[in-house]
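The values are calculated or read from the model by the stated rules, or taken from the named source; none is laboratory data. Just so we're clear, the structure is a prediction, and the values are computed from it rather than from any experiment. Note that we place each Cβ from the backbone using ideal geometry, even for glycine, and neighbour counts take in every protein chain shown.
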Amino acid sequence: MIDPLLQRFEQPGIHLFERENLTMLELSNTHGTAVVSTLGATVISYVPTGEDEVIWVSDTARYDGSKPIRGGIPVCWPWFGPHPSDPTLPTHGFARRATWELVDAEGGEHLSCAVLRLQSDATTASQWPWPFRLELELTLGQTLAIDLRATNLSEETWTVSEALHSYFRVANARSLPVAGLDGLHYWDKQRDGLRGTQDTPLEIEPPFDRVYFGHENAAVIHDQGRDIRIGKSGSRSTVVWNPGPEGAAALGDMPDDAWPQMLCVETANARDDAYSLGPGQTHTLTANIAVSAS
Ligand code: TA6
């Protein structure tokens, strides 16, 4: 049953529901629908009016809270990838595994939003000793905007790496063109951390796993029949990932044959683009997703 405290957010265009153990909030208005889970503040659906689903979620994703949802837009914070010094800590940080509090939701005919919050507590302190406040604001209008605001409530300066680890649903990830990354330097995880420059237009050939550095503009996935544009601010890296057949088979929560239907293009500050946040400072990482016919 939905927590009675959350019922107060129910209103035209805002609907709360449960999926197994997880609470979900759906925004809907003239521009489409979007769904976010309180587990990890993970967006699991975005359907612009008249369009097909934009976000990919695995058919075998878990909704019991035992692990992050495989797919959607998990929040990787306060570190991206393995912890910089302690390999026993969870990959991509703790934010995507935590239950966030729903603190605001407002429905509107043309613009709707929801805000979820994660604050430091005894559980987070065992992995990240500093007080913080993290907010994810989801705004559904002509586009879907996702703002991740991180505030340093401690007396010390920290270094953060992070990502909105967005999984997009595509018709076919093989030979899939992605524009906007030409000329950038990258770090290639698939090739043992080899560094290089994107000196030809990018076409994905899975498996593919790169962090592109110094990328502050939009990336565009040229999917069959539509373009998915991922605009950004507060972000200097873009991570592009598809596990390919062997990588998918190694993941317990992704069907072996599902990899051609997804591509991650992640709005990030990762590796070389990790940044410092001083006491009292707030950093906002924004991804803005727009879909148009091609
Ligand atoms: O963002 C790409 C990546 O870091 C890959 O290297 C791959 O491991 C992926 O994320 C998924 O990570 P996860 O911890 O969700 O299995």
(message) Tell me which strands (runs of 3 or more DSSP E) are completely within segment 30-135 and hold 3 or more residues being over 13 Å from the mean Cα position of the chain (by Cα) and of a type outside the set (D, E, K, R), or say none if there are none.
(response) 32-37, 101-106, 112-119
(message) Yes or no: segment 72-84 includes at least one residue that is away from the ligand (no atom under 16 Å from the Cβ) and out of contact with any Leu (no Cβ under 7 Å at 6 or more places or on another chain).
(response) no
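Residues are listed down the side, and each one gets a yes or a no for (1) buried (at least 22 other Cβ atoms within 10 Å of the Cβ); (2) among the aliphatic types (A, V, I, L, M); (3) closer than 19 Å to LEU285 by Cα:
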{"residue": "ALA61", "(1), (2), (3)": "no, yes, no"}
{"residue": "GLU109", "(1), (2), (3)": "no, no, no"}
{"residue": "ALA114", "(1), (2), (3)": "yes, yes, yes"}
{"residue": "ARG117", "(1), (2), (3)": "no, no, yes"}
(message) MET262 - would you say it is surrounded by 16 or more Cβ atoms within 10 Å (Cβ to Cβ), within 22 Å of SER66 (Cα to Cα), within 12 Å of the ligand (Cβ to nearest atom) and not hydroxyl-bearing (Ser, Thr, Tyr)?
(response) no
(request) Residues being closer than 13 Å to GLY108 by Cα, touching a residue at least 24 places away in the same chain (Cβ under 8 Å) and surrounded by 12 or more Cβ atoms within 10 Å (Cβ to Cβ): count how many of those fall in segment 10-23. (result) 3
(request) Consider PHE94 carefully, then state whether it is farther than 30 Å from ASN172 by Cα, hydrophobic (A, V, I, L, M, F, W, C), touching a Ser or Thr at 6+ places or on another chain (Cβ under 8 Å) and within 16 Å of the ligand (Cβ to nearest atom). (result) yes
(request) Answer yes or no as to whether SER276 is at pLDDT below 95 and more than 16 Å from the ligand (Cβ to nearest atom). (result) no
(message) Quick check on my filter: what residues within segment 230-249 are within 9 Å of the ligand (Cβ to nearest atom) and not in a strand (DSSP E or B)?
(response) PRO243, GLY247
(request) Go through segment 101-160 and give me each residue that's in contact with a Pro (Cβ under 7 Å, 6 or more places away or on another chain) and closer than 22 Å to PRO4 by Cα. (result) GLY107
